[in-house]
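Have a look at the structure below before the remarks.
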Amino acid sequence: PCLTQLCFPVAEKTAKVLGEFCRCYKEQYGVALFNSVRYEIEGNGGPQAQLLHRKIPLEDHVIYSGNLFQYIEENKKWRNRFCVVPHNYGLVLYENKLAYERDLPPRVLVNSAGYKILTSVDQYLELVNSSLPGVTPKSGHSPILKCPTDFPLILWHPYARHYYFCVMTGKEQEKWRAVFQDCVRHCNNGISEDSKVEAPAFTDAVRMYRQSKEQYGTWDMLCGNETQVLSNLVMEELLPELRTTIGPRLKGKAQERQRTWIQISDAVYRMVYEQTKAQYDAAMAKCEQERPQMESTIRTDMDQIITSKEHLASKIRAFVLPKAEVCVRNHVQPYISSILEALMTPTSQGFAEVREVFFKEVTDMNMNIVNEGGLEKLAEYMKKLSHLAFHPVKMQSCYEKMDQLKLEGLQQRFDVSSTSVFKQRAQIHMRQQMDDAMYTFETLLHQELGKLQGKDNLCKSIQRILERVLKKYDYDSSTVRKKFFREALLQITIPFLLKKLAPTCKGELAKFQELIFEDFASFILVENTYEEVVLQSVMKDIMQAVKEAAVQRKHNLYRDSMVMHNSDPNLHLLGEGIPIDWGEEYSGQPEAEPAADKRRRAKQVVSVIQDDAGVLPYEMGTEALLQPSSPQLQEPEEPDPGAPPSSPDGVEEIREALAKESLGDGIEMEERLTNDTSLESPKADVPPEARMHHATPASPAPGAETPSLSAVTACHQPSDKETGEEVAPLGSECSPPQPAGTTESSEGLQTEF
């Protein structure tokens, strides 16, 4: 009832926030378009990268797949689930492995943008208790969640629903945690950097909107794609009001009130998401419609626009710069070197670890080839090594170096809410540099193989190529890190300066509006020009600090004046060729195989846990899971006395399952499952994996009416258009016609929103 009464205020509040944001976006779109065209004409590129860049790094690959237990809130049961992480880093949960291999629809799709990965129930309860002030279970009472093992994995979100998993061993927990963190890291980075107009227009509009509300500094919830970020923006304003209105009306014990609050927050978030997507898409379409005319004006009047902007900047500079320089000298300059050192140490250690992991993996491969020999062995190793950058477990030692990043007193001084923004950005750079190094290595090695004779020559060539790639890595790593340090310093200091200068400067900016010609008002904004002047006031000190660090060769940084001449002039041409398939080219495997087998043997970056740790008890009860059942979010299932035994649901049942496993029951059940597979033939046109694009990770379209939020289901593979979690009933069929409100994925499968 409370949520029903709040539906209109939710829509009204959402429309108000989005209306203000869309005005900001339209203004920033013109500025971003002008900057893009100007950059295209004038150029100003930095140093050329020495390493090659792989365009589609994970085509036809699955990051990871394996079994774990999931807690189903609706019936308060723990169920076996087979989880697949495809190349877009969505979490796709199936009933079991057989359901995945048969191409049955997944039960749940999760986009992990904005989530935190918790490995302790106590951590989770602390966050839950703080989300609804005044509602804390008394000591001795049952908590909101009980875990049947000592190894939980909980996905917590400040607004959306939570997901609860657990595994049987600490080794599994570490591996899954690394996988989940990689998913969060990737999905958080959901705004495509390939977009030279829409992306900067969007991020600048978010920043301008928040600054208009006196919110400066970094923002932790700038996570996911544009619709997710805007939904977070709305919820940031809506949640306090929602908590005040609904909190006192919640009834029942503290645990029940907490559980109800989480469900209400998730339902409102879905409503906001649906409304946000429609309104933002309409605003973006309008800008795209006006783009050709705007771009024509920019190209025709480029010189006049630049002259007009420089005239405006000179006037603002004369007014602002003296105040800004005093502020920089007194409040920023003394701390730049401290901030830089705090950033440099963990970041450079992480990049050094990337170099070490790359060197060790290639060297180990070379030594194994010496012992085992042959191109087939080389192909086998290269198939695994080629996607080293996307191996969450092997890359974990690199990523965790960033956990040391602490700004301490500087964080409070400069209003940095958390360092997670900088940690995540550095980790993404690490992964990219590792992939660039590996792609360059395999490209050079592939070129060399045609000239080689004998195993000894092969090993020498591998060593020589490794040394060449490491030199290129050191150069590119220095360039990437220096750019990262400059950007991070600006992200920390500019909002601080803007906040400090606002009382004396912001109110006076309106008088400069008359200096802009009306024809150019779409491309020149007083607010943006003012920020550029403030940036110039501190940029010199930041550049100098990074330059001095490079001159002193701190953390293996190269000086800006050092230019690495391209010793491989044709290398970038090699990178434009057809991607290398080591298995097909050198292992002698047949080129074609049935689609169902291809899906079953999908190339996987991380080896399955069971390969390392022996048979686990997850397949206990999978016979029951293969039976058609109601979707996860529907009413709790009533036990059927005649039904086969279900999967283990509680602590005791899981322990009993383990005992049975040790007696060999698991083998018998596996045989029964194998015998049952003839009842349903796999589809002939199954794609190798669920194809999803990283820029728009998996999500449901949240429903506008609360009762239907959990009822919306669709039979589909994870598609490019999804951004959240969705449930599909097992065994349902997709209807051939495509009604309004559906999209078609690259495989022709329909996705209902």
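The values are calculated or read from the model by the stated rules, or taken from the named source; none is laboratory data. These numbers were taken from a predicted model, which means no experiment stands behind them. Backbone-built Cβ (ideal geometry, glycine too); neighbour counts: all protein chains shown. For the accessible areas, the whole protein counts, side chains as well, though only heavy atoms, and no ligand, DNA or RNA atoms are used. Shrake-Rupley method; radii C 1.70, N 1.55, O 1.52, S 1.80 Å.
Give me the percent of accessible area attributable to carbon and sulfur for region 312-426, probe 1.4 angstrom.
That share works out to 51 percent.
For Ser417, enumerate residues with amide H under 5 Å from its amide H, sequence gap 5+ or separate chain, H modeled in the peptide plane.
Thr218
So which of Lys13/Lys213; Lys401/Lys483; Lys26/Lys323; Lys401/Lys482; Lys383/Lys554; Lys309/Lys511 end up more than 24 Å apart by C-alpha?
Lys26/Lys323; Lys383/Lys554
Skipping prolines and chain starts, which residues have an amide H placed within reach, meaning under 5 Å, of the one on Lys253, given they are 5 or more residues away or on another chain?
Under 5 Å from the amide H of Lys253: no residue qualifies.
Tell me, what % of the accessible area of region 1-115 is carbon and sulfur with a 1.4 angstrom probe?
53
About the Cα centre of region 319-385, how large is the charge dipole given +1 on each Lys and Arg Cβ and -1 on each Asp and Glu Cβ? Please answer in debye to the nearest 20.
340
Heavy-atom accessible area per residue, region 213-292, 1.4 Å probe: how many Å²?
42
Kindly write out, for region 9-21 in residue order, the coupling ³J(HN,Hα) from the Karplus curve 6.51 cos²θ - 1.76 cosθ + 1.60 (θ = phi - 60°), rounded to whole Hz, with x marking Gly and Pro.
x, 4, 5, 5, 5, 4, 4, 5, 4, 5, x, 5, 5
Take the cross-link list Lys277/Lys384; Lys406/Lys500; Lys423/Lys500; Lys77/Lys97; Lys423/Lys499; Lys171/Lys360 and give me the ones stretching past 30 Å between alpha-carbons.
Table pairs above 30 Å Cα-Cα are Lys277/Lys384.
Can you compute the charge dipole magnitude of region 242-389 about its Cα centre, using +1 on each Lys and Arg Cβ and -1 on each Asp and Glu Cβ, nothing else charged? Give it in debye, rounded to the nearest 20.
Dipole about the Cα centre, nearest 20: 1100 debye.
What are the extents of the Cα atoms of region 116-248 along their three principal axes, listed from largest to smallest and rounded to whole Å?
Its Cα atoms span 52, 41, 21 Å along the three principal axes.
With only Lys, Arg, Asp and Glu charged, each at its Cβ (+1 for the first two, -1 for the last two), find how big the charge dipole of region 382-475 is about the Cα centre; round to the nearest 20 debye.
Computed charge dipole of region 382-475: roughly 240 debye.
Would you mind checking which residues have amide H under 5 Å from Val62's amide H? H placed 1.01 Å from N; only 5 or more apart, or other chain.
Lys603, Gln604, Val605
Taking θ as phi - 60°, what are the ³J(HN,Hα) couplings along region 69-82 by the Karplus curve (6.51, -1.76, 1.60), each to the nearest whole Hz, with x for Gly and Pro?
Going residue by residue, I get 9, 10, 8, 9, 5, 5, 10, 6, 10, 9, 10, 5, 9, 9 Hz, with x marking Gly and Pro.
Tell me the volume per residue, in Å³, of the convex hull enclosing the alpha carbons of region 314-408.
Measuring per residue, one finds 154 Å³ for the Cα hull of region 314-408.
Take Met367, Met382 and sort them by solvent-accessible surface of the protein heavy atoms, 1.4 Å probe, largest at the top.
Met367, Met382
In whole Hz and in residue order, list the ³J(HN,Hα) couplings for region 489-496 that follow from phi through the Karplus curve 6.51 cos²θ - 1.76 cosθ + 1.60, θ = phi - 60°; x for Gly and Pro.
4, 5, 4, 7, 8, 4, x, 4
With a 1.4 Å probe and all protein chains in place, put Lys286, Lys384, Lys377 in order of accessible area, largest first.
Lys384, Lys286, Lys377
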